[in-house]
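Have a look at the structure below, then the notes.
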Amino acid sequence: MAILTGAVLLAGCGSASDEGQNAAPSPTPAVLSETQKRIVALPKRLQDGVMLRAIRDAGLTCQTVSELTRVETRSDRIRWRVVCDGAEPYVVEITPDGTAQIRSRT
């Protein structure tokens, strides 16, 4: 499992043209942690990077994120469906403390 706090710091690197390109939000828990809020607020290209790093840190194969879709939130975890390399599907859950939990969908 990877702590994504460092990746969240990349949020300041986005350009103004990245605004409004985040994945569509889904139902969210009543209260998001600061780390979760930062990840949700990232421009799409940086969200792709966070998901790519989380999947790789889990020891799974991912060369490029080809699809990123925000999906139903469960409990206090925000979730994305991530497709790597046009074929490998994963679900990435981000806990309130910024830990990523990866579920393979193959």
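Normalized C-alpha radius of gyration of segment 38-78, against 2.2 N^0.38 Å? Could the numbers behind the result be given before it?
Values: Rg = 10.9 Å, N = 41, 2.2 N^0.38 = 9.0 Å.
Cα Rg divided by the expected 2.2 N^0.38 Å: 1.21.
Would you mind giving the three semi-axes, in whole Å and largest first, of the ellipsoid equivalent to segment 50-106 according to its Cα gyration tensor? List each step's numbers first, then the result.
Working: eigenvalues 64, 30, 15 Å².
Here the semi-axes work out to 18, 12, 9 Å.
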(request) Send over a whole-number figure in Å² for the accessible area per residue of segment 50-92, probe 1.4 Å. (result) 47 Å²
(request) Can you tell me how much longer the chain between Lys44 and Arg56 gets when fully stretched, taken as 0.36 nm per residue apart minus their C-alpha distance, in nm with one decimal? (result) 2.5 nm
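The values are calculated or read from the model by the stated rules, or taken from the named source; none is laboratory data. All values derive from a computational prediction rather than experimental measurement. Each accessible area value is taken on the protein alone, full model and side chains, heavy atoms only, with ligands, DNA and RNA left out. Shrake-Rupley method; radii C 1.70, N 1.55, O 1.52, S 1.80 Å.
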